[in-house]
1. Under a 10 Å cutoff between Cα atoms, tell me which one of K112, K152, K46 has the largest fluctuation in the Gaussian network model of the chain.
2. Distance in nm between label sites at S56 and K145, each 7 Å beyond Cα in the beta-carbon direction?
3. Hey, which of these cross-link pairs are over 30 Å Cα-Cα: K112/K159; K66/K159; K46/K112; K43/K159; K8/K152; K46/K159?
4. Multiplying the sequence separation of D92 and D18 by 0.36 nm and subtracting their Cα-Cα distance, what value in nm do you get?
5. Based solely on C-alpha atoms, express the radius of gyration and the Dmax of the chain in angstrom.
6. If Lys and Arg each add +1 and Asp and Glu each add -1, what is the summed charge of the other residues whose beta carbon sits under 15 Å from the beta carbon of D114?
7. For the chain, what is the charge dipole size about the Cα centre, in debye to the nearest 20, if Lys and Arg each add +1 at the Cβ and Asp and Glu each add -1 at the Cβ?
8. Would you please classify the overall shape of region 45-96 from the alpha carbon gyration tensor, given that a ≥ b ≥ c denote the square roots of the eigenvalues, rounded means a/c under 1.5, and beyond that prolate means a/b larger than b/c while oblate covers the rest?
Amino acid sequence: MKDVSHDKSARFWDAMEDVDGGMLGLATGPLIPMTPQVRDDGKDGKIYFLTADGNSLYVAATEGPKPARFVVADRGEGIWADIEGELAVENDKALIDEFWSPFAAAWFDDGKEDPDVRLMSFTPKTAEATLTDDNPLKFFYEMAKANVTDDKPDLDGWKGKIVF
């Protein structure tokens with residue numbers, strides 16, 4: 001793989017801004033599907049998750065920040081990552097307002113005023129990641145070509161460890 005055109009951490013946050021799903025869990029537990037939210041290209045260094053009171057991850061985080069991991073694979077954004085970090089409870093109503101959407105509203109009977117609405121933050125520490133700048137059509141073309149010619153795919157990107 002070739003180097004991405006800009007800093008790997010910046011590329012990571014740029015991709016995360018548009019990722020619409022992944023798997024979140026405590027470092028020693030199972031992963032559950034969650035929808036990440038990122039502010040301003042990750043300038044605050046956190047990934048946020050709207051959830052409900054009673055969610056096992058939220059309940060664990062009420063006891064204090066917990067080691068956790070978030071796994072994401074999004075071909076459209078060119079990111080595949082296993083991210084280790086810390087999960088914590090957030091009590092910022094303005095952030096709930098910022099992240100609220102019709103998709104979130106579908107889960108809560110009383111909208112964002114529902115007493116069960118909660119917010120968690122995940123602060124990445126390290127990630128094993130693959131970041132690509134290729135569009136999906138080039139990706140599929142390179143995969144097909146590699147299968148026909150036995151050559152390795154020519155993908156623009158980077159693979160390795162990111163320390164935040």
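1. Ranking K112, K152, K46 by mean-square fluctuation puts K152 first.
2. Result for the modelled spin labels: 4.5 nm.
3. On the way: K112/K159 39 Å; K66/K159 27 Å; K46/K112 21 Å; K43/K159 22 Å; K8/K152 23 Å; K46/K159 22 Å.
Pairs exceeding the cut-off: K112/K159.
4. Details: separation 74, 0.36 × 74 = 26.64 nm, distance 2.19 nm.
Result: 24.4 nm gained on full extension.
5. Cα radius of gyration and Dmax of the chain are 17.5, 58 Å respectively.
6. On the way: positive: K93, K112, R118; negative: D53, D97, D109, D110, E113, D116.
Once positives and negatives cancel, what remains is -3.
7. On the way: 18 positive and 33 negative charges, 115 e Å.
Computed about the Cα centre, the dipole is about 560 debye.
8. On the way: a/c = 2.19, a/b = 1.63, b/c = 1.34.
It is prolate, given that a/c is not under 1.5 and a/b is the larger ratio.
No value in this document is a laboratory result; all are computed from the given coordinates. Just so we're clear, the structure is a prediction, and the values are computed from it rather than from any experiment. Glycine gets a Cβ as well: all are built from the backbone with ideal geometry, and neighbour counts include every protein chain shown.
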